[in-house]
Amino acid sequence: MNAIPTAEGAPSRSWTVRLRRRIQRTVPEGQWLPDRQPTYVRSWIYVFGVATLAALVCVLASGIILTIKGSAWWHVSSVGHFVNSLHLWSVELFFAFMVIHLWGKFFMAAWRGRRALTWITGAVAFVGSIGTAFTGYLTQSNFDSQWISTQAKDGLNSVGIGAFFNVLNPAQMLLWHIVLLPLIVGFLVVAHLILVRRHGVVPPIDALPPEAEAEPVADEAALRQPHEMLPHKMPQPQEIEKPGAVR
Amino acid sequence: MWPSVLFAASPLSGRSHYLHWGVIQISLTNFVIIVAMVVIFVLALVVPFPHGRSQDDERDSDR
């Protein structure tokens, strides 16, 4: 029987110790909320990822209020109209920011440098968001949602999913919209953020030749220079794991 | 065309206008939104980002 050691790095049977070490290995402490970024991050195109996240927070907050108050409230109350509109326009901005973020990352080839899973989780989250927005339109409980559902049913039936995804069933669409799809999208967004923090933001293409991506960063002192002087090269997480490392 | 674009973009326009290019059909409102997104994307690439605090400023504030 092994005792729980106090020294870091020693084997442990404690699940909390093992979980803590797993978290530290996944995203080292200095990378969670970094206060420095490489100089190429000083561009507006890098803003749209966090703008998407901010819009998602507004979507979730307004959606929670709509869930608490119910459809009668958002149809007849002036405050309900406002929160309903807030929910709609948050979604519009969420998609606009996400698509611009997607364009930027596509033209940066953001899957470089072991970032394939970051790209994939973002792309799947985008597809999941489309489904969430679609079920949201079906949840409005007005003539618009009736029109959309009757138009959509033929298309969905033609691809064979109408049997278990019935857009004419408002209760099913409501639960998909407020429970199932938010859970899926939420999980993907969290995974996406963890991967972004783990691997860092992707450098511009001209700043990092492909053959240099696999090379380890030997000069840690260079990485500790002020961010204005940082080389256009992102270290991999296993190469720098000390707290406060410049990422 | 541009007066109709401006009209469609106004929130009080009750009518929907559609653009047709062969098999492609898109509402004028959606077209305006897509064009605006492309413009924002290009601006994000070319507009310089405002400079934040320098390292010296951070060191001074920490003291």
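Key figures
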| read-out | value |
| --- | --- |
| Ranked A:THR16, A:THR52, criterion: other C-beta atoms within 10 Å, fewest first | A:THR16, A:THR52 |
| Estimated FRET transfer efficiency (B:HIS20, A:ARG13; beta-carbon r; R0 51 Å; 0.05) | 0.15 |
| Amide proton proximity set for A:SER141, modelled H, under 5 Å, gap of 5+ | none |
| Distance histogram in 5 Å bins (all Cα pairs of segment A:21-129, percent per bin) | 2, 10, 15, 17, 16, 14, 10, 7, 5, 3, 0 |
| Difference of contour (0.36 nm per residue) and Cα-Cα distance, A:SER158 to A:ILE65 | 29.9 nm |
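Read-outs: derived from the displayed coordinates by stated rules, not from any lab. Quantities reported herein were computed from a predicted structural model and do not represent experimental measurements. Don't worry about glycine lacking a Cβ; one is built from the backbone with ideal geometry, like all the others, and counts go over all protein chains shown.
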